[in-house]
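Enquirer: Quick one: the structure is below, questions incoming.
The values are calculated or read from the model by the stated rules, or taken from the named source; none is laboratory data. Please read these numbers as outputs of a predicted model, since none were measured by experiment. Here the Cβ positions follow ideal geometry from the backbone for every residue, glycine too, while neighbour counts run over all protein chains shown.
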Amino acid sequence: MNTVNTQNTDGDAGAPTPAGTGTPATRALGIVALLLMVATALFGLVFSADDIVQGSSVRIMYVHVPSIWVAYVAFVLTAVCSAVYLSGSSRSLSWDRVAGASAEIGVLFVAVSLVTGSLWGRLSWGTYWVWDARLTSTAFLFVTYVGYLAVRRLGGTHRQRARRSSVLALLAILEIPLVHFSVRLWRSLHQEASVATGGTDVELDGLMLFSLFLGVVSFTAVFVWLVLHRHRTIVLEDTMADRGLDEAIDRRRAEAGVA
Amino acid sequence: MTLGVTATARIVAGKDLAVEARSRVLTNQVAPFAAIVMVMFAFALDNDGILLRVAPGLVWLAVLFSLLVVVQRSFAVETADGALDALRVAGVDPAAIFLGKSVALMVQLLVLEALLAGLAVVLYGVTMGGAGFVQLCATMLVATVGLGFVGTLYGGLAAGARGRETLLPLLLLPVVAPVLIGATRATEAAFGSGGAEVSEGLPWLALLAAFAVIFGAVGSLAFGPLIDE
Amino acid sequence: MTLGVTATARIVAGKDLAVEARSRVLTNQVAPFAAIVMVMFAFALDNDGILLRVAPGLVWLAVLFSLLVVVQRSFAVETADGALDALRVAGVDPAAIFLGKSVALMVQLLVLEALLAGLAVVLYGVTMGGAGFVQLCATMLVATVGLGFVGTLYGGLAAGARGRETLLPLLLLPVVAPVLIGATRATEAAFGSGGAEVSEGLPWLALLAAFAVIFGAVGSLAFGPLIDE
Amino acid sequence: MDRVVELEGVVAVVGRFPVLAGAHLSVERGEILVLQGPNGAGKTSLLRVCAGLLPVERGTARVLGMDVRTERERIRTRVGLLGHGNGLYLELSAARNIAFWGAMAGASRAEVDRAMEMMGVSGRLADVPAARLSAGQRRRCALASLVVRRAELWLLDEPHAGLDATGRDELDTVLRSAAAAGATVVLASHERERAAGLATRTVTVDGGLVKEES
Amino acid sequence: MDRVVELEGVVAVVGRFPVLAGAHLSVERGEILVLQGPNGAGKTSLLRVCAGLLPVERGTARVLGMDVRTERERIRTRVGLLGHGNGLYLELSAARNIAFWGAMAGASRAEVDRAMEMMGVSGRLADVPAARLSAGQRRRCALASLVVRRAELWLLDEPHAGLDATGRDELDTVLRSAAAAGATVVLASHERERAAGLATRTVTVDGGLVKEES
Ligand code: HEM
Ligand SMILES: Nc1ncnc2c1ncn2[C@@H]1O[C@H](COP(=O)(O)OP(=O)(O)OP(=O)(O)O)[C@@H](O)[C@H]1O
Ligand SMILES: Nc1ncnc2c1ncn2[C@@H]1O[C@H](COP(=O)(O)OP(=O)(O)OP(=O)(O)O)[C@@H](O)[C@H]1O
Ligand SMILES: [Mg+2]
Ligand SMILES: [Mg+2]
């Protein structure tokens, strides 16, 4: 995304069209995110030690785990924005646009997690995929949000889109606890929640834990950066659609011989 | 509105069941179909002892299929002559429509499930103790409530614009899958398939109940916005 | 009529496929449903080694489900706005309608079967030799022709007089069952499930071919009287 | 040969209800006959009998000189019916629908285009799915599909319903010129004035019977 | 309070097509307003906007003093719509259908019977499944279902289509007495003469706009 500077376009359609989606603030954030990613790569690949059992393959964790967690955050953000939109206290379409942007990036991160997870699976279980509860439920989570994005693209007016997708977002968020607890529910092959609950069966040494933490921070920064830009492109898309509608209205009026 | 939600829901459910009583789609089309699926598997897998192992899965698979057919039918009835529009304009509480249609759907599904479970006993030689039987009934009840809510909710969404109906499975299936898995496991426990204990089914029952409660609540609130585009 | 049966049938089939291309019920509803059936079974039975054994049955079960949905859809399109009446009044040869709609149905089923077989290979780890692959293709082709004819006949019956549809499943299902069992056995042979040999599938193939021929002939003759009550 | 429709004591049954209860009617070539009568009188049923869609239980019905019981298929290729429904495939565009019915009738591309032009569903509307069209536009599509058939006997069930003022006039012109060219038109209508302007003869249907008037 | 319908520059969109392109309209209490205009003009769309079935994309629409965007639910309990469809459950009998809509509106058994009587669907017809009724009889059922609602604003899309001569007169009587009792009626119609006799005012809809005439 290029960053020719103009004014902020947050808000409803009709604002003058900027030539890009960047602002000084987002550019600064972009640079910070980039540096954090570099740091994560260094810590993950160089500084942290091999695992006793898994060897070097444990390094996949620094991508796999942060990306799914950031995806969770993204979907929660989507749900919160949707709830705000639906609650009626603020009927601004911005809430819906943020929800949409966040879900899109969230889907991206789930995809990353699925891919890294199955690569890791190849290394530690000997197969890319098993019909395990965590894996299956993660796949369902992915499909659910692909469905959400499809609903957003159904057409109709911006408000129709906002209303339909908000309801779905609130339903879809329920899948996250299912994914999280699936390990316990289905006596799964997959790693139990251990970091998040501070369990003791997996011992992460200090540096590993720090690398993981760094990964989470840097992925979050990337997420925020992407959502800001994506939100702005959605604003632009909506503006474009509104202009198309203006032309269509003129053509429609012409049917009656009115200029 | 002069009527309360419950009263309205009861009228809606009564109407849906009256339509089914007249058209007999469930008894004459869905049920025989589901039965043939069971029979076919009995044929195909008879000698292997696999039958008992897959019986619960088959029962619920047949239920899932029937759910899709019945939901489709339930909303085809509403859209055939513009009745859903009429309901919306009549200012009928969407929550009442949702509850009424869900209940009608559940009743139909329960009838079907009873039939299928009976068939499983007859065809596959499933044997159950008293505890197993009670658990089977509980599972069916709870799972059906969940399926009825979910089916009605997404059926309503799909009943709107035309292009939208293609979304139904995409939306419905990831949501329904946990119910089916849960129900299958609970039924396995009830049937004792693969040496499962009856008590193993209890957590699944809890999961199903949670599902039913959540979708009942969300559906009552969300049905209005969804059918009202 | 100025057009021959083949030309008319081609136009009817083209129209049905155009409707499908517009509404995408097969690709967006039926196929994902069939796929989810396969995935769910994979999930439920993965660790038991049963999977490979039941794979052929599952493929054909999913096909049967889909057949019903697609047939229903195919005739819903005709009756929604009175087009079937219009076809009858237009003096279109019923045999041509039957053939056209059957062909459209077969095309859709074949696409679906290819998808399902592909899924079986990927999800269940089915492996096939060259001979197995050829036989699988042959089985699909022949079974699909039979199912297409039977399905269209079924749909015509259901779209016809009201009271009659209650008899339908009873008439139809005993007929479909052998096709499915035949197809399952032939596919088992092709997949080598349960140690079956490829050559074991040949008698089943012959049975399927006989069905296709009989139902094609019966359907062409009987379709007119059926839809014309 | 010149009796295009001849019903003698026709009884037709739906469920167990006799929708026609011994109807007599005869229509000559070139006539524009209007069927009037109260709701539920049997107008639609009568048209469906003539098209061979509703079986004759008692009495005889001859259309274009052939018995509907035995020569239904041959009659149908020469008859065109517009029912209460439009016979459209709602997923397909207006143009695709009319082209389909044109192909079924063996009409050429040019004839199809002419019919669409004539009923005002060419241009922008041609590519809109039938489901999205307005009620009157769908009726126009159905009429265009009928026009391409060049039938000898036109059976029309309330063809004016849903059409706008110009559409009504266009339809009347089409029907008059068809009749002038030797076709026969039988239509049911509840619009007294318009029907009176169009009809060469009017009969009243009531209680499943036809009451001849002049 | 006396402006029952107030549309200001209403744009409504179906798919990507603006079915209403900035329509202005205001209707006073007690009026019988007829919408005329060519097929596809936007009459149906306008009625659907007033009933809150079609969302307003731009402009404002106020019905019974309330904004359709925010108070749709409250508006709806006071509005009655007869669309192109009849809103019947075809498997159920006429009586069962009307009773259903009556129950939804909180009408008493007696009111339902009176409405059925009024629209001529009592007696034998009451027990016939709606699918078996004639087109006009189904329309009558739909009207009876509407009458039991006692709406303050009646929105009718070609209500005369399909009705026989007496049915048309009965309907006109019903509408006139509703208007006299303080209700407001907006109806779309293609039948010039009948509409002129009924209307207190007529406007033309075209190209998604309303052209006021007198
Ligand atoms: C395609 C394959 C995989 C998928 C879809 C997947 C999915 C997930 C998901 C959704 C989470 C987040 C759990 C939560 O906190 O709610 C997670 C966490 C985790 N995964 Fe995976 N995973 C896969 C493969 C693997 C493999 C092969 C390993 C290592 C052997 C692994 C190790 C972990 C670890 C250690 C966590 C953090 C656990 C915690 O503390 O919560 N994953 N994975
Ligand atoms: N199964 C049935 N039971 C009772 N009555 C029936 C049944 N089937 C049809 N009818 C009656 O038969 C008549 C059918 O008439 P038809 O549709 O031919 O009327 P029509 O003259 O076209 O009326 P309209 O002007 O309303 O279109 C109706 O009165 C209907 O009630
Ligand atoms: N998706 C779409 N693409 C193109 N045009 C559309 C679409 N949806 C609706 N339309 C057009 O919008 C208009 C809808 O008008 P509406 O149904 O309100 O007309 P109407 O005035 O009620 O006409 P009628 O008198 O025929 O009932 C039609 O011209 C239709 O062709
Ligand atoms: Mg009629
Ligand atoms: Mg209209």
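Enquirer: How do the pairs read when you match residues in segment D:153-174 that are within 24 Å of E:P159 (Cβ to Cβ) and of a type in the set (G, A, S) with residues anywhere that are within 12 Å of ligand 3 (Cβ to nearest atom) and part of a loop (DSSP other than H, G, I, E, B), using Cβ under 6 Å and keeping only pairs 6 or more apart or on different chains?
Expert: Filtered contacts from segment D:153-174: D:A161/E:A161.
Enquirer: Please enumerate the residues belonging to segment D:69-97 that are farther than 12 Å from D:L146 by Cα, facing chain C (nearest Cβ under 7 Å) and either among the small types (G, A, S) or touching a His at 6+ places or on another chain (Cβ under 7 Å) (or both).
Expert: Matches in segment D:69-97: D:G85 only.
Enquirer: So, E:T204, is that one in a strand (DSSP E or B) and either within 16 Å of ligand 4 (Cβ to nearest atom) or within 14 Å of chain A (Cβ to nearest Cβ) (or both) or not?
Expert: yes
Enquirer: Name the single residue that is nearest to ligand 2 (Cβ to nearest atom) among those in segment E:120-132 being among the aliphatic types (A, V, I, L, M) and facing another protein chain (nearest Cβ under 9 Å). Don't jump to the end; show me each part of the working.
Expert: Kept after step one, since they are among the aliphatic types (A, V, I, L, M), are these residues of segment E:120-132: E:121, E:125-126, E:128, E:130-131.
Now narrow it down to the ones that are facing another protein chain (nearest Cβ under 9 Å): E:125, E:128, E:130-131.
Numbers: E:L125: 6, E:V128: 4, E:A130: 10, E:A131: 9 Å.
Only one residue fits best here, namely E:V128.
Enquirer: Then there is this: Within segment E:136-167, work out how many residues are away from ligand 3 (no atom under 16 Å from the Cβ), under 24 Å from D:A188 (Cβ atoms) and either of a type in the set (D, E) or surrounded by fewer than 22 Cβ atoms within 10 Å (Cβ to Cβ) (or both).
Expert: 3
Enquirer: Residues of segment E:136-161 being in a helix (DSSP H, G or I) and more than 12 Å from ligand 2 (Cβ to nearest atom), which ones? Step through it out loud before you land on a result.
Expert: In the first step, residues of segment E:136-161 are kept if they are in a helix (DSSP H, G or I); the result is E:136-147.
Those that are in a helix (DSSP H, G or I) and more than 12 Å from ligand 2 (Cβ to nearest atom): E:A142, E:L143, E:A144, E:S145, E:L146, E:V147.
Enquirer: Another question, if that's okay. How many of the residues making up segment A:125-174 are more than 7 Å from chain B (Cβ to nearest Cβ) and under 18 Å from A:H190 (Cα atoms)?
Expert: 17
Enquirer: Among the residues of segment B:53-94 satisfying the criterion of being in contact with a Phe, Trp or Tyr (Cβ under 9 Å, 6 or more places away or on another chain) and in a loop (DSSP other than H, G, I, E, B), which is farthest from E:L88 (Cα to Cα)?
Expert: Checking each candidate, the answer is B:A90.
Enquirer: When the residues of segment E:176-214 are narrowed to those that are under 20 Å from E:R149 (Cβ atoms) and touching a Lys or Arg at 6+ places or on another chain (Cβ under 6 Å), which ends up nearest to ligand 5 (Cβ to nearest atom)?
Expert: Per the criteria, the residue is E:A188.
Enquirer: Let me ask something else about it. For E:R29, work out the one condition from (1) in contact with a Leu (Cβ under 8 Å, 6 or more places away or on another chain); (2) in contact (Cβ under 8 Å) with a residue 60 or more places away in the chain it doesn't fulfil.
Expert: (1)
Enquirer: Six or more apart or on different chains, Cβ atoms under 8 Å: show the pairs whose first residue is in segment B:107-133 and free of Cβ contacts under 8 Å to residues at least 60 places away in the same chain and whose second is of a type in the set (G, A, S).
Expert: B:L109/B:S66; B:L109/B:G148; B:F133/B:A190
Enquirer: So which of A:Y62, A:Y72, A:Y85 is away from ligand 4 (no atom under 16 Å from the Cβ), assigned to a helix (DSSP H, G or I) and in contact with a Lys or Arg (Cβ under 9 Å, 6 or more places away or on another chain)?
Expert: Details: A:Y62 fails: in contact with a Lys or Arg (Cβ under 9 Å, 6 or more places away or on another chain); A:Y72 fails: in contact with a Lys or Arg (Cβ under 9 Å, 6 or more places away or on another chain).
The unique qualifying residue is A:Y85.
Enquirer: Within segment A:115-140, can you find the residues that are part of a loop (DSSP other than H, G, I, E, B) and not charged (D, E, K, R)?
Expert: Hits for segment A:115-140 are A:W125, A:G126, A:T127, A:Y128, A:W129, A:V130, A:W131.
Quick grid of which residues meet (1) surrounded by fewer than 18 Cβ atoms within 10 Å (Cβ to Cβ); (2) on the phi > 0 side of the Ramachandran plot:
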{"residue": "E:D2", "(1), (2)": "yes, no"}
{"residue": "E:E8", "(1), (2)": "yes, no"}
{"residue": "E:A12", "(1), (2)": "no, no"}
{"residue": "E:V19", "(1), (2)": "no, no"}
{"residue": "E:G22", "(1), (2)": "no, yes"}
{"residue": "E:R29", "(1), (2)": "yes, no"}
{"residue": "E:I32", "(1), (2)": "no, no"}
{"residue": "E:S45", "(1), (2)": "no, no"}
{"residue": "E:C50", "(1), (2)": "no, no"}
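Enquirer: Go through segment E:1-38 and give me each residue that's within 14 Å of chain D (Cβ to nearest Cβ) and assigned to a loop (DSSP other than H, G, I, E, B).
Expert: Selection gives E:G15, E:R16, E:G37, E:P38.
Enquirer: Working carefully through the options E:R29, E:R16, E:R72, find the one that is modelled with pLDDT of 90 or more and either among the charged types (D, E, K, R) or away from ligand 3 (no atom under 16 Å from the Cβ) (or both).
Expert: Going through E:R29, E:R16, E:R72 in turn, the sole match is E:R29.
Enquirer: I'm checking my understanding of the structure. Among residues of segment E:39-67 that are part of a loop (DSSP other than H, G, I, E, B) and out of contact with any helix residue (DSSP H, G or I) (no Cβ under 7 Å at 6 or more places or on another chain), which one is farthest from the other protein chains (Cβ to nearest Cβ)? Full working, then the answer.
Expert: First pass over segment E:39-67, keeping only residues part of a loop (DSSP other than H, G, I, E, B): E:39-42, E:51-57, E:64-65.
After this cut, where a residue has to be out of contact with any helix residue (DSSP H, G or I) (no Cβ under 7 Å at 6 or more places or on another chain) as well, the list is E:41-42, E:57, E:65.
Numbers: E:A41: 8, E:G42: 8, E:E57: 5, E:G65: 16 Å.
Once the filter is applied, the top-ranked residue is E:G65.
Enquirer: Here is a list: A:V107, A:V115, A:V84, A:V76. Which entry is at pLDDT 90 or above, more than 14 Å from chain C (Cβ to nearest Cβ) and out of contact with any helix residue (DSSP H, G or I) (no Cβ under 8 Å at 6 or more places or on another chain)?
Expert: A:V115
Enquirer: What are the pairs with Cβ atoms under 6 angstrom where one residue, in segment E:98-119, is away from chain B (no Cβ under 14 Å) and the other, located anywhere, is buried (at least 22 other Cβ atoms within 10 Å of the Cβ) and of a type in the set (A, V, I, L, M, F, W, C)? Sequence gap at least six, or different chains.
Expert: Cβ pairs passing all conditions: E:A115/E:A144; E:A115/E:V147; E:A115/E:V148; E:M116/E:I98; E:M116/E:A144; E:M119/E:L143; E:M119/E:A144.
Enquirer: Now, a different point. Is it fair to say E:A94 is within 30 Å of E:L46 (Cα to Cα), away from ligand 5 (no atom under 16 Å from the Cβ), modelled with pLDDT of 90 or more and crowded, with 24+ Cβ neighbours inside 10 Å?
Expert: The answer is yes for E:A94.
Enquirer: Could you tell me which numbered condition D:G197 fails, if it satisfies all but one of (1) touching a strand residue (DSSP E or B) at 6+ places or on another chain (Cβ under 6 Å); (2) under 21 Å from E:E158 (Cβ atoms)?
Expert: (1)
Enquirer: Now a separate question. Examine segment D:162-169 for a residue that is more than 24 Å from D:G65 (Cβ to Cβ), away from ligand 5 (no atom under 16 Å from the Cβ) and assigned to a helix (DSSP H, G or I), and state whether such a residue exists.
Expert: yes
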